[in-house]
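Engineer: For reference, the structure I am asking about is given below.
The values are calculated or read from the model by the stated rules, or taken from the named source; none is laboratory data. These numbers were taken from a predicted model, which means no experiment stands behind them. When we count neighbours, we look across all protein chains shown, and the Cβ atoms used for this are built from the backbone with ideal geometry, even at glycine. To get the accessible areas, we keep the full protein, side chains included, count just its heavy atoms, and leave off ligands, DNA and RNA. Shrake-Rupley method; radii C 1.70, N 1.55, O 1.52, S 1.80 Å.
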Amino acid sequence: MSLLAELTALTAHHRARCAAYDRILTALGAGGEFESVADLPWLPVRLFKTHELKSIPDEEVFKVLTSSGTTGAPSRIFLDRAAAAAQTQHLAATLQTVLGPRRLPMLMVDTAGVVQDRRTFSARGAGVLGMANFGRKHVYVLDEHDEPDVEAVRGFLARHGDEPFLIFGFTFMVWRYLYRMAREHGFDLSNGILLHSGGWKKLADQAVDNATFRRAFAADTGLRRIHNYYGMVEQIGTVFVEGAAGDGLYCPDFADVIIRDPVTFAEQPVGVPGVIEVVSTLPRSYPGHVLLTEDLGVCHGVDDGERPGKRFSVLGRLPKAEVRGCSDTFGAPAA
């Protein structure tokens, strides 16, 4: 079944099970057939902050995820057991393209205390716990007081630094804590594979962009296998992972992005920036399969990069959009 066919069926699935979603699509005049993925009716991602949207009965709710916005009400995303299992499986399949099939020793650029309530997670906690599944022998870079634990990292590298190992963290925290620690203490991270996401706003304020981030890690720590990824709690389990050369983010087989004109909402051509719409076949317990984000991005091309599929970049937040970001909620002083 094509991506369009799956998304069309999923739209009908949610209309039949979520009365609020059906009312929205009826008001929009949406029918049941669509000529392209770009023709599917989208919801603004902010709607999940103001409305309780779910396509499952209350008694089937297994887990509730909340978003990481720093002001106002968070999004609330309702998962049943099947949806929670599916997002884990698809996340694993996506990440195996860069991590490989083996679970490797893992350095977590966070504190263990971020994952405490296993039923209601913040986006940061859900991200840390979700990524922890892909590694073993976890060591946290920050101690229980949110301070850098140099000896813990030194011990991890002494045990595992001569073989491939994973590193996960939110971008700002990776830069502020792991990069600075490794540079100061001469730690060799050359066998590491870094997955990071979110938090670019604070780095932009320090004039650190993606290219600077990659160059500094390579020059000062030996770390070259670096993969940024883009995802959000409103489409949990769907991530768009950066290629090894840093040439853009790639869409997994079950998802896509549409770049839309911020005024007309028409689809933008390759190379023209606009608002990012994310689509995914994963959300079945809530109608989050076609979402217009508050992020700006640009499509660089299709099937023209190091991996097949659409290749794009995130350029930042829409003006006046709520500042959000898992690591931006971490209360660190300015550099």
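Engineer: Which condition does Thr97 not pass, out of (1) part of a helix (DSSP H, G or I); (2) more than 17 Å from Ala132 (Cβ to Cβ); (3) open to solvent by less than 20 Å² (accessible area, probe 1.4 Å), if it passes all the others?
Structural biologist: (3) is the only condition that Thr97 fails.
Engineer: Could you tell me which of the residues Phe78, Phe62 is modelled with pLDDT under 95 and closer than 14 Å to His289 by Cα?
Structural biologist: Working: Phe62 fails: closer than 14 Å to His289 by Cα.
Answer to the selection: Phe78.
Engineer: Please enumerate the residues belonging to the stretch 34-59 that are part of a loop (DSSP other than H, G, I, E, B) and buried (at least 18 other Cβ atoms within 10 Å of the Cβ). So that I can check it myself, show each step before the final result.
Structural biologist: At the first step, the residues of the stretch 34-59 found to be part of a loop (DSSP other than H, G, I, E, B) are 34-36, 40-42, 45-46, 51-57.
Within the stretch 34-59, Leu40, Trp42, Val45, Arg46, Leu53, Lys54, Ser55, Ile56 qualify.
Engineer: Let me ask something additional. Return a yes/no flag: does the stretch 7-15 have any residue that is at pLDDT below 95, surrounded by 13 or more Cβ atoms within 10 Å (Cβ to Cβ) and within 19 Å of Ser280 (Cβ to Cβ). Full working, then the answer.
Structural biologist: So in the stretch 7-15, the residues at pLDDT below 95 come out as none.
No, that holds for no residue.
Engineer: Select, from Thr264, Thr293, Thr281, the only residue that is of a type outside the set (D, E, K, R) and out of contact with any strand residue (DSSP E or B) (no Cβ under 9 Å at 6 or more places or on another chain).
Structural biologist: The unique qualifying residue is Thr264.
Engineer: Scan Ala84, Ala73 and give me the residue that is closer than 21 Å to Leu318 by Cβ and among the hydrophobic types (A, V, I, L, M, F, W, C). Full working, then the answer.
Structural biologist: Numbers: Ala84 fails: closer than 21 Å to Leu318 by Cβ.
Result: Ala73 is the single residue among Ala84, Ala73 that is closer than 21 Å to Leu318 by Cβ and among the hydrophobic types (A, V, I, L, M, F, W, C).
Engineer: Right, something else. Please enumerate the residues belonging to the stretch 199-227 that are surrounded by 15 or more Cβ atoms within 10 Å (Cβ to Cβ), within 25 Å of Leu157 (Cα to Cα) and among the small types (Gly, Ala, Ser).
Structural biologist: Residues satisfying the conditions are Ala216, Ala218.
Engineer: Would you pick out the residues in the stretch 23-33 that are surrounded by 12 or more Cβ atoms within 10 Å (Cβ to Cβ) and over 10 Å from Pro287 (Cβ atoms)? Step through it out loud before you land on a result.
Structural biologist: Residues of the stretch 23-33 surrounded by 12 or more Cβ atoms within 10 Å (Cβ to Cβ): 24-25, 30.
Once the filter is applied, which keeps residues that are surrounded by 12 or more Cβ atoms within 10 Å (Cβ to Cβ) and over 10 Å from Pro287 (Cβ atoms), the stretch 23-33 yields only Ala30.
Engineer: Counting just the residues of the stretch 109-150 that are of a type in the set (D, E, K, R) and modelled with pLDDT of 70 or more, which one comes out most open to solvent (accessible area, probe 1.4 Å)?
Structural biologist: Within the stretch 109-150, the subset of a type in the set (D, E, K, R) is 110, 117-119, 124, 136-137, 143-144, 146-147, 149.
In the following step, the residues that additionally are modelled with pLDDT of 70 or more were identified as 110, 136-137, 143-144, 146-147, 149.
On the way: Asp110: 2, Arg136: 75, Lys137: 120, Asp143: 37, Glu144: 143, Asp146: 62, Glu147: 99, Asp149: 49 Å².
Ranking the candidates gives Glu144 first.
Engineer: Say whether the condition of being among the hydroxyl-bearing types (Ser, Thr, Tyr), under 30 Å from Pro74 (Cβ atoms) and assigned to a strand (DSSP E or B) is met by at least one residue in the stretch 193-216.
Structural biologist: Here is the first cut: in the stretch 193-216, the residues among the hydroxyl-bearing types (Ser, Thr, Tyr) are 197, 212.
Going one step further and asking which of them are under 30 Å from Pro74 (Cβ atoms), we end up with 197.
If we keep only those that are assigned to a strand (DSSP E or B) as well, we get 197.
Within the stretch 193-216, one or more residues are among the hydroxyl-bearing types (Ser, Thr, Tyr), under 30 Å from Pro74 (Cβ atoms) and assigned to a strand (DSSP E or B).
Engineer: If you don't mind, another one. Please work out which residue is nearest to Pro105 (Cα to Cα), limiting yourself to the stretch 153-166 and to residues that are out of contact with any helix residue (DSSP H, G or I) (no Cβ under 7 Å at 6 or more places or on another chain), touching a residue at least 40 places away in the same chain (Cβ under 8 Å) and open to solvent by less than 30 Å² (accessible area, probe 1.4 Å).
Structural biologist: Across the stretch 153-166, the extreme among qualifying residues is Phe165.
Engineer: What's the number of the only condition in (1) in contact (Cβ under 8 Å) with a residue 12 or more places away in the chain; (2) in contact with a helix residue (DSSP H, G or I) (Cβ under 6 Å, 6 or more places away or on another chain); (3) assigned to a helix (DSSP H, G or I) that Pro105 fails to meet?
Structural biologist: Going through the list (1) in contact (Cβ under 8 Å) with a residue 12 or more places away in the chain; (2) in contact with a helix residue (DSSP H, G or I) (Cβ under 6 Å, 6 or more places away or on another chain); (3) assigned to a helix (DSSP H, G or I), Pro105 breaks only (3).
Engineer: Out of all the residues in the stretch 60-85, which are open to solvent by 50 Å² or more (accessible area, probe 1.4 Å) and under 21 Å from Arg15 (Cβ atoms)?
Structural biologist: Glu60, Arg76, Ala82
Engineer: For the condition in contact with a Gly (Cβ under 9 Å, 6 or more places away or on another chain) and modelled with pLDDT under 90, what is the one hit in Leu91, Leu104? Before the answer, list the steps.
Structural biologist: Working: Leu104 fails: modelled with pLDDT under 90.
On inspection, the qualifying residue turns out to be Leu91.
Engineer: Could I ask something else about it? So is Ala20 farther than 30 Å from Glu147 by Cα and either under 24 Å from the mean Cα position of the chain (by Cα) or surrounded by fewer than 19 Cβ atoms within 10 Å (Cβ to Cβ) (or both) or not?
Structural biologist: Values: farther than 30 Å from Glu147 by Cα: yes; either under 24 Å from the mean Cα position of the chain (by Cα) or surrounded by fewer than 19 Cβ atoms within 10 Å (Cβ to Cβ) (or both): yes.
So Ala20 fits the description; yes.
Engineer: For the stretch 24-65, how many residues are touching a Lys or Arg at 6+ places or on another chain (Cβ under 8 Å), among the β-branched types (Val, Ile, Thr) and over 28 Å from Arg317 (Cα atoms)?
Structural biologist: Counting residues in the stretch 24-65 that are touching a Lys or Arg at 6+ places or on another chain (Cβ under 8 Å), among the β-branched types (Val, Ile, Thr) and over 28 Å from Arg317 (Cα atoms) gives 2.
Engineer: Report the residue count in the stretch 177-194 for those that are surrounded by 24 or more Cβ atoms within 10 Å (Cβ to Cβ) and among the charged types (D, E, K, R).
Structural biologist: Count: 0.
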